[in-house]
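The values are calculated or read from the model by the stated rules, or taken from the named source; none is laboratory data. Quantities reported herein were computed from a predicted structural model and do not represent experimental measurements. We place every Cβ from the backbone using ideal geometry, glycine too, and count neighbours over all the protein chains shown. In case anyone asks, the SASA skips ligands and DNA or RNA and just uses the protein heavy atoms, side chains included. Shrake-Rupley method; radii C 1.70, N 1.55, O 1.52, S 1.80 Å.
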Protein chains: 2
Amino acid sequence: MSEKRNTVGRLADDTGVKPVTIRYYEKIGLLPKATRSESGYRLYSEEDHSRLLFIRRSRGLGFSLDDIRELRSLADRQQESCAGVDAKVEQQLVQVRSRLKDLHAMEHELERLSACCDGGVIMDCRIIETLSGSA
Amino acid sequence: MSEKRNTVGRLADDTGVKPVTIRYYEKIGLLPKATRSESGYRLYSEEDHSRLLFIRRSRGLGFSLDDIRELRSLADRQQESCAGVDAKVEQQLVQVRSRLKDLHAMEHELERLSACCDGGVIMDCRIIETLSGSA
DNA sequence: CTGGTGGTTATAGTAACTATAAGGTCAATA
DNA sequence: TATTGACCTTATAGTTACTATAACCACCAG
């Protein structure tokens, strides 16, 4: 247990979440209000640390902050079934896949457009033609 | 040439872009200020129609409104090389692919999480464990 | 004791809309 | 003709998840 002062900057370095963002999470109630040093600096515990990691990991999976709030509250009820958690993961998977589908379509269309550019002038540009065209 | 009044609602129906959004585009200068009827209704021409389609198609490829502004201005210089347009398409392709990579990673991780849920209680939930865990 | 780093607050800005309120217009119907 | 209902107008505020800015205070090293 290193007794360095667990200020917001240190927590930021440890978790990869910026100080401003940590304060923002506190402000919207996603993190509990931090305890303060005499001079008013925020101080964090191990628990805060893991709470923040939980948020960061969930964000990395594309969950919204509201989703994460829900996940947290589900996770806090230790004795209950984890069906709710599983459902949220499934739901997120559906969203991610839908977004993937859209992006794949964009990728293909962009490739098609890119391929039909022959380096001429705008007047003859198939890209512009496609974007403007009435089809 | 049907002489129905080309109001914002009609343009919306024709293009699939909502009236509010059309007004918004006008407000931020992406569409020119519409001419007005005596009573103040916006009226649109064929040109407005195709300008809006250009925007909608570009949005469909993931271009930002600022990108679209640039694309428009490139497209308007008929005599110039379309290299700039092509470059923008390439750039967009890079972004889309990067986003695809991220989403694929999310998908795999979500699949992994989903698979490790065995329907027990939160206490034993591997999903929560993974999200909270220090690894 | 001074400088630099890092902490504090509050406010405004970002993208691309969406929602709401409060009102004016138009075409058709009772 | 009066009224209904759909559609138009404006302005303002809310959304998501931050980021940027300003102005100020605390801490530590030299």
### Task
Take A:ASP14 and decide whether it is touching a His at 6+ places or on another chain (Cβ under 9 Å) and open to solvent by 60 Å² or more (accessible area, probe 1.4 Å).
yes
### Task
Could you tell me which numbered condition A:ASP76 fails, if it satisfies all but one of (1) crowded, with 19+ Cβ neighbours inside 10 Å; (2) modelled with pLDDT under 95; (3) not hydroxyl-bearing (Ser, Thr, Tyr)?
(1)
### Message
Please count how many residues of segment B:112-135 are surrounded by 14 or more Cβ atoms within 10 Å (Cβ to Cβ) and at the interface with chain A (Cβ under 7 Å from one of its Cβ atoms).
### Response
9
### Task
Looking only at segment B:100-113, decide whether some residue is in contact with a helix residue (DSSP H, G or I) (Cβ under 9 Å, 6 or more places away or on another chain), at pLDDT 95 or above and within 16 Å of DNA strand C (Cβ to nearest atom).
no
### Candidate set from segment B:26-52 (those that are under 16 Å from B:ARG72 (Cα atoms) and open to solvent by less than 20 Å² (accessible area, probe 1.4 Å)); member that is nearest to DNA strand D (Cβ to nearest atom)
B:LEU31
### Query
Could you say whether any residue in segment A:81-98 is under 26 Å from B:ALA105 (Cβ atoms), out of contact with any strand residue (DSSP E or B) (no Cβ under 8 Å at 6 or more places or on another chain), within 9 Å of DNA strand D (Cβ to nearest atom) and open to solvent by 20 Å² or more (accessible area, probe 1.4 Å)?
no
